[in-house]
Amino acid sequence: MWTWQIQRSQIVFGLLILGFVVLAGRAFYVQVVWSDFLETEGNKRQVRTLDVPAPRGHILDRHGAVLALSTPLASIWVDPKVFSQHPDAIKKLAQELGQSELDLLQRIKSNDTRRFLFIKRSILPEIANQIESLGLPGVYAKPEYKRYYPSADTTAHLVGYTDIDDKGQDGIEYIYDGWLTGKPGRQQIIKDLEGRVVEFVKNIEEAEPGKDLVLSVDKDIQYFAQRALKEARVKHQAVAASMVVLDAKTGEVLALVNEPGFNPNNRAQIKGEAIRNRAIASLIEPGSTIKPFVMAQALELGLVKPGEIINTAPGYMNVQGHMISDAVNYGRLKPSEIIQKSSNVGIANIARRMKPEQQWELFRQLGFAQDLGLFLPGESMGYLRHHSEWMQVDQVSSSFGYGFNINLMQLAHAYTIFANEGRLLPLSLLKLDQVPDSKQVVSPEAAQQVLTMLESVTHQGGTGTEARIEGYRVAGKTGTVHKTRAGQYQQNEYSAMFVGLVPASRPDMVVAVMVDKPSRGVYGGGSVAAPVFQEVMRHALRLRNVDPDGAL
């Protein structure tokens, strides 16, 4: 009996020891041999990598004013497969977001096999945090950024806008998207069984904000341009209006404005004709604003002398069965008077002295029907037939701006030759540190002679007197062009234009204005477009601290 008790004790003790050995072995196996495997499996269920959004770079005007910035927001998304199993959570989320519970339930049910579904985009971070704090199963907040434009519609056509995912869609936002876009970061976090973040582990990669971009544009000039265009469009009941302001000495774009416009902060407005950048997208026959270029080329080639008298009587002429006429019979005119009074007959007589290829080559050197080099979306280059296809009437009509088309920016660009001794500057949307290289189009002498003629346009007897600015000498040219429809010129539909340089003694800015289809009885470029130039430049000269040069 005693022996059996000893044996039983030894057996129990041995079994206990064996149990401890097995447990120790298991513990060793789990903690040492299987540790990496188990840790990996645990991490799969709890450790997550979280993308950290990066803001886009700021877009600034030439003086550092912010035109576009990224504001932190958040979006609410759900895992429909999990969320659909919790009716109470659906009710609470609908209440927090101010949505219909029935609509939300239907959305979830129709996507119940998915694992990701946005419920509401671009909400305030504090609202997202409040929703996250409710601990609703399958509901998550995703931090993100939304673009905001402080100048709203004032700079919309130039700066552009982004989509809901913060990708550039138009304007500067689109063409410099790669520069402005930041590099997202990554964080390692631990989530609980409900998917809530319970611990931050480490930064795997820091988010890098996008790079800032400094534009050539002046926000304040943009403002005055937009205000003046809007007033002119309303006053004359016009379909649209556009304005381009260039730095005459550098080719920088100081302003680009279109009316009607849109507010890029309101996505409901980003549609239709409102987003059309008419200054580069709408093609126009430039009309009489072309005459100074033809005059400059004729002076350059020695085909006309500054003091020469040209007979325009009886105020009309017939070219291959087509009638070319002036508003009145101006009779005998000097070249300067042809520009001042905008005589079609006078400039036609001068153009006929020129070979077609000489006139065509001038237009090509001015950049007509060619890419501007700005890369703005929607640009239309225009159309200019080769001189080999011209008849005499084509050459004559093109001398006063008919028979080919360009955009308003191309027209403003071409006028920089009169501010730079005959040289054409490349355009820039970015602020420049130095004057870029230019190409010689006409001689300095010819450019200066025509600049003097352009100044006479704003003097008594000229067509652009309403462009005059007190204290400053103004040079410019008016244009009034019949609109076309179905290939036919419309007798009662016009585009009114004015292109000006100020101050005329040392041009600081080149400005082109176009008002499309004014419809209240006044339609001339001198009456409709020139006052817009005057209003905007009156402020712009002050903003740029340009000293008066003593206007008559």
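Within segment 422-431, not a single residue is modelled with pLDDT under 95 and within 30 Å of L60 (Cα to Cα). Is it the case that some residue within segment 182-205 is in a loop (DSSP other than H, G, I, E, B), modelled with pLDDT under 95 and crowded, with 18+ Cβ neighbours inside 10 Å? Yes, the conditions are met somewhere in segment 182-205.
Summed over segment 155-175, residues that are farther than 14 Å from A274 by Cβ and either under 9 Å from the mean Cα position of the chain (by Cα) or in a helix (DSSP H, G or I) (or both) total 7. Among the residues of segment 375-397, those identified as in contact with a helix residue (DSSP H, G or I) (Cβ under 7 Å, 6 or more places away or on another chain), surrounded by 21 or more Cβ atoms within 10 Å (Cβ to Cβ) and not in a loop (DSSP other than H, G, I, E, B) are Q395, V396.
Condition check ((1) surrounded by fewer than 21 Cβ atoms within 10 Å (Cβ to Cβ); (2) closer than 26 Å to I90 by Cβ; (3) outside the structural domain of V82 (by TED's automatic domain parsing); (4) among the polar types (S, T, N, Q)) across all residues:
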site: I123; (1), (2), (3), (4): yes, yes, no, no
site: L134; (1), (2), (3), (4): yes, yes, no, no
site: Y148; (1), (2), (3), (4): yes, no, no, no
site: T162; (1), (2), (3), (4): no, no, no, yes
site: G178; (1), (2), (3), (4): yes, no, no, no
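Residue count for segment 422-467, restricted to those that are among the hydroxyl-bearing types (S, T, Y), assigned to a helix (DSSP H, G or I) and closer than 22 Å to P531 by Cβ: 2. Against the conditions (1) touching a helix residue (DSSP H, G or I) at 6+ places or on another chain (Cβ under 6 Å); (2) more than 21 Å from L256 (Cβ to Cβ); (3) aromatic (F, W, Y), F533 satisfies every one except (2). Of everything in segment 316-345 that is closer than 25 Å to V499 by Cβ and small (G, A, S), the residue that is surrounded by the most Cβ atoms within 10 Å (Cβ to Cβ) is S342. Checked against (1) free of Cβ contacts under 8 Å to residues at least 60 places away in the same chain; (2) touching an Asp or Glu at 6+ places or on another chain (Cβ under 9 Å); (3) of a type in the set (G, A, S); (4) crowded, with 16+ Cβ neighbours inside 10 Å, A128 meets all criteria but (2). Considering only residues that are under 20 Å from K183 (Cα atoms) and not in a strand (DSSP E or B), which ones fall in segment 53-75? Within segment 53-75, P53, A54, P55, R56, G57, H58 meet the criteria.
Among the residues in segment 365-374, are any part of a helix (DSSP H, G or I), modelled with pLDDT of 95 or more, touching a helix residue (DSSP H, G or I) at 6+ places or on another chain (Cβ under 7 Å) and not assigned by TED's automatic domain parsing to the domain that holds E173? Within segment 365-374, not a single residue is part of a helix (DSSP H, G or I), modelled with pLDDT of 95 or more, touching a helix residue (DSSP H, G or I) at 6+ places or on another chain (Cβ under 7 Å) and not assigned by TED's automatic domain parsing to the domain that holds E173.
The values are calculated or read from the model by the stated rules, or taken from the named source; none is laboratory data. It should be emphasised that the depicted structure is a prediction, and the values quoted were computed from it without experimental measurement. Every residue, glycine as well, gets a Cβ built from its backbone with ideal geometry; the counts of neighbours run over all protein chains shown.
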